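Before any comments, here is the structure.
The values are calculated or read from the model by the stated rules, or taken from the named source; none is laboratory data. The structure presented is a predicted model; accordingly, all values stated were derived computationally and were not measured. Positions of Cβ are generated from backbone atoms using ideal geometry, with glycine treated the same way; all protein chains shown enter the neighbour counts.
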């Protein structure tokens with residue numbers, strides 16, 4: 001059953017997805033379609049997987065879905081690093097900082113869930 005109380009990581013990843021959508025629109029305006037699509041898919045998938053984890057069938061399922069979100073966050077950071085290292089791309093330093101924060105939060109959640117699963 002879904003828990004509808006406010007959840008920091010759900011909110012954080014949703015707001016991040018909105019920023020990713022706006023940034024990829026800027027990339028598309030510059031005709032950087034391939035990276036824009038890759039970044040859009042990975043960056044919005046983080047929140048989708050985090051949200052899906054909120055409806056997990058078990059602790060193991062929750063951990064699995066959060067680990068998928070972590071992988072998507074790592075991929076997103078990769079695409080953002082590429083964008084950050086190409087001069088003609090729009091600035092993405094804020095997105096890089098946000099992705100790093102999301103990776104740290106998800107890592108803590110997975111670690112905590114694993115410890116609780118072992119008890």
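Being modelled with pLDDT under 95 and more than 18 Å from residue 20 (Cα to Cα) is the filter here; which residues of region 71-110 pass it?
87
Of all residues being touching a residue at least 40 places away in the same chain (Cβ under 8 Å) and either over 15 Å from the mean Cα position of the chain (by Cα) or not in a helix (DSSP H, G or I) (or both) in region 84-110, which is surrounded by the fewest Cβ atoms within 10 Å (Cβ to Cβ)? Just the residue, please.
88
Residues in region 46-68: is at least one within 10 Å of the chain's Cα centre (by Cα) and over 28 Å from residue 118 (Cα atoms)?
Among the residues of region 46-68, not one is within 10 Å of the chain's Cα centre (by Cα) and over 28 Å from residue 118 (Cα atoms), which makes the answer no.
Given the residues 27, 40, 80, which is the only one that is part of a helix (DSSP H, G or I) and in contact (Cβ under 8 Å) with a residue 60 or more places away in the chain?
After applying the criteria, what remains is 27.
Which one of the conditions (1) crowded, with 16+ Cβ neighbours inside 10 Å; (2) touching a residue at least 40 places away in the same chain (Cβ under 8 Å); (3) within 16 Å of the chain's Cα centre (by Cα) does residue 113 fail to meet, given that it meets all the rest?
Result: residue 113 passes all but (3).
With modelled with pLDDT of 95 or more, part of a helix (DSSP H, G or I) and surrounded by 19 or more Cβ atoms within 10 Å (Cβ to Cβ) as the only criterion, which of 68, 46 stands out?
Exactly one of 68, 46 is modelled with pLDDT of 95 or more, part of a helix (DSSP H, G or I) and surrounded by 19 or more Cβ atoms within 10 Å (Cβ to Cβ), namely 46.
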